[in-house]
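Asker: Questions regarding the structure given below will be posed in turn.
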Amino acid sequence: KGDKEQQIQYLQSLGMEIEEDKSLELSYQMLPLLVQKILNLSIVYTGPGVPPNRSRTTRAHIFSSGTMTAEGLASRLHGDIMRGFIRAEIVDAKTLLGYPSHTAAKEAGNVRTEGRDYVLQTDEIVLIKWK
């Protein structure tokens with residue numbers, strides 16, 4: 001077999017979906033996804049911060065897949081947020097990209113409310129409501 005065929009088989013054995021007519025260069029876009037899959041990591045995003053006047057940024061949080069609850073994420077952010085946890089508003093990142101804002105996605109019914117024991121899934125946007 002040629003080098004290209006071996007590369008395709010190897011990457012497919014790692015769980016990568018490779019189209020045979022595509023370039024096999026490990027690009028800056030492909031490599032992080034490969035590492036994430038090999039190490040069984042999930043990524044969720046938070047933001048903008050609560051209260052909005054403190055943080056207007058979106059942050060990525062990396063953890064082992066299937067291990068982080070909404071309350072666990074709250075404790076990572078700040079002890080006060082964990083203690084005052086009310087609920088988590090969750091939306092899939094790909095879904096959110098189809099709307100001009102989080103508010104628009106929420107008005108369209110694409111943001112759901114979850115409790116403290118909800119196990120976070122990769123590529124979710126999480127807004128934690130707390131008192």
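Nothing in this text is a laboratory measurement; each read-out follows from the coordinates by a stated rule. In this text the structure is predicted, and so the values were computed from the model without any measurement. FYI the Cβ positions are ideal-geometry reconstructions off the backbone, even for glycines, and counts take in every protein chain you see.
Asker: Can you list residues from other chains, or at least 5 along the same chain, whose modelled amide H is less than 5 Å from the amide H of Trp130?
Answerer: Ile86
Asker: Would you kindly state how much longer the chain becomes between Lys129 and Glu107 on full extension, computed as 0.36 nm times their sequence separation minus their alpha carbon distance, in nm to one decimal?
Answerer: 6.2 nm
Asker: Next up: How big is segment 41-130 by Rg and Dmax over its Cα atoms, in Å?
Answerer: Computed over the Cα atoms of segment 41-130, radius of gyration and Dmax are 12.2, 33 Å.
Asker: Around Leu33, with a cut-off of 12 angstrom between Cβ atoms, what is the net charge of the other residues, counting Lys and Arg +1 and Asp and Glu -1?
Answerer: Combined, the nearby Lys, Arg, Asp and Glu give -1.
Asker: With a point put 7 Å past each Cα toward its Cβ, work out how far Thr67 is from Leu41 in nm, to one decimal.
Answerer: 1.2 nm
Asker: If you average the sequence gap of Cα pairs under 8 Å that are 6 or more apart and divide by the length of segment 62-131, what percent do you get for the contact order?
Answerer: Once divided by the residue count of segment 62-131, the mean separation gives 49 percent.
Asker: Also, I was wondering about something else. Along the positive direction of the dipole of segment 36-131 (beta-carbon charges: Lys, Arg +1; Asp, Glu -1; about the Cα centre), which of Leu41, Thr57, Gly109 reaches farthest?
Answerer: Thr57
Asker: A further question follows. Between Ile86 and Leu33, what length in nm is gained on full extension when 0.36 nm per residue of separation is reduced by their alpha carbon distance?
Answerer: 15.8 nm
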